[in-house]
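See below for the structure under consideration.
The values are calculated or read from the model by the stated rules, or taken from the named source; none is laboratory data. Only a predicted model underlies this, so the values are computations on that prediction, with no experimental measurement involved. So basically every Cβ, Gly included, is an ideal-geometry build from the backbone, and we count neighbours across all protein chains shown. We work out accessible area using only protein heavy atoms, side chains counted, and drop any ligands, DNA or RNA first. Shrake-Rupley method; radii C 1.70, N 1.55, O 1.52, S 1.80 Å.
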Amino acid sequence: MTTVTPATDLASNSDSSSFEIYRDGGTTRDIRLTVHLVLAARRWRSLLDEQLRLIGQSAARMEALAAIINSPSLSAQVDIAKRLRIEGPTMTRMLDTLEKDGLVERLPDPSDRRSKLLRLTRAGETALEEIFEIADTMRTRLLEGLPADKVDELDGFLEVLIGRLDAGLPSQAG
């Protein structure tokens, strides 16, 4: 595969667009990075879901339960949805299921009748603890043997990318 690096230099150093390079069997550092991010996240979630299904759970349920327990006491449903970067209706459907399963309680917000505050039930904490045991084992296996400084560097890099995405991406120079 032909490599052109970096993609941001394509406009100034090449008559080919990244699409043309990719169509012709090539790639760029930037294309590889974004494809690898997607593939790694997708594969991690797939493997995690596979293991969590064995106990009747999923990565989506883990994310919701973890966001609730890790938020300030009695956080609003809308705040949890924002934290998870999901739409309100998606959060509502997830909470309906978690509440039906006895893992989450929705409580009235004394300062806003339209809002619900969330907390895990004891069963929810127990379920999340089981989920974490599985996720921790998998995470350890995934990161085993990787230098801590590289993991920290990657974590910092991903935080920057997430921040840029949350901000709606920086304006294009020019």
From the square roots a ≥ b ≥ c of the eigenvalues of the alpha-carbon gyration tensor of the range 70-165, which class results: rounded (a/c under 1.5), prolate (a/b over b/c), or oblate?
oblate
Determine the shape class of the range 114-171: with a ≥ b ≥ c the square roots of the Cα gyration tensor eigenvalues, call it rounded for a/c under 1.5, and otherwise prolate if a/b is greater than b/c, oblate otherwise.
oblate
Show me, for the range 53-59, the HN-Hα J-couplings you get by feeding each phi into the Karplus relation (A = 6.51, B = -1.76, C = 1.60, θ = phi - 60°), rounded to Hz, glycine and proline as x.
4, 4, 10, x, 10, 8, 4
Accessible-area composition of the range 80-163, carbon plus sulfur, in percent [1.4 Å probe]:
54
³J(HN,Hα), Karplus 6.51/-1.76/1.60, whole Hz, each residue of the range 143-159, x for Gly, Pro
8, 3, x, 7, x, 4, 5, 6, 5, 4, 5, 5, 4, x, 4, 5, 4
Would you look at the GNM of the chain, springs on alpha carbons closer than 10 Å, and say which of Arg29, Arg106, Arg141 moves the most?
Arg29
Would you list which lysines come within 20 Å of Lys100, measuring only between C-alpha atoms, while excluding same-chain residues fewer than 8 positions from it?
Lys116
Lys, Arg +1 and Asp, Glu -1 on Cβ, resulting dipole of the chain about Cα centre, debye, nearest 20
520
Skip the ligands, DNA and RNA, and give the accessible area per residue of the chain with a 1.4 Å probe, whole Å².
70
